[in-house]
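In what follows, a single structure is set out as structure tokens and then discussed.
The values are calculated or read from the model by the stated rules, or taken from the named source; none is laboratory data. The shown structure was predicted, so the numbers you read here are calculated from the model rather than taken from an experiment. Using ideal geometry, Cβ is built from the backbone for each residue, glycine included, and neighbour counts are taken over all protein chains shown.
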Amino acid sequence: MSVEVLFFARAREIAGKDTYYSEKLTLDSLVEELCMSFGPDMASILTISRLWVNQDPAKEGQILRSGDRVAVLPPVSGG
């Protein structure tokens, strides 16, 4: 089982990569893994980011399946 995580904006800067692969079975365990793997900056950005699974808003405690794509979308600003 493999889930693809796509990082955008500040999350991509913190991770140092565009994508990450995980074997986690729930969204909650995936978020915990990302915090442990990428440190406190990632933990902070995840608290204010939107997570999407397969182009749909993620639900707390959501079960993940092999082949799912999870997007980490931090808030962005511009002008």
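Points to keep in mind about this one:
- Residue count, segment 1-57 (criterion: acidic (Asp, Glu), closer than 12 Å to VAL72 by Cβ and more than 10 Å from the chain's Cα centre (by Cα)): 2
- Among all residues of segment 61-70, there is at least one that is part of a loop (DSSP other than H, G, I, E, B), at positive phi, touching a residue at least 24 places away in the same chain (Cβ under 8 Å) and of a type outside the set (D, E, K, R).
- When the criteria are applied in full, PRO75 meets the requirement of being modelled with pLDDT under 95 and surrounded by fewer than 17 Cβ atoms within 10 Å (Cβ to Cβ).
- When GLY61, GLY39 are checked against the criterion of being more than 19 Å from SER2 (Cα to Cα) and not hydrophobic (A, V, I, L, M, F, W, C), GLY39 stands alone in meeting it.
- Those residues of segment 1-11 which are farther than 17 Å from PRO40 by Cβ and either small (Gly, Ala, Ser) or outside any strand (DSSP E or B) (or both), in sequence order: MET1, SER2, PHE8, ALA9
- Whichever residue in segment 14-59 is assigned to a loop (DSSP other than H, G, I, E, B) and surrounded by 15 or more Cβ atoms within 10 Å (Cβ to Cβ) and, among such residues, is modelled with the lowest pLDDT: LYS24
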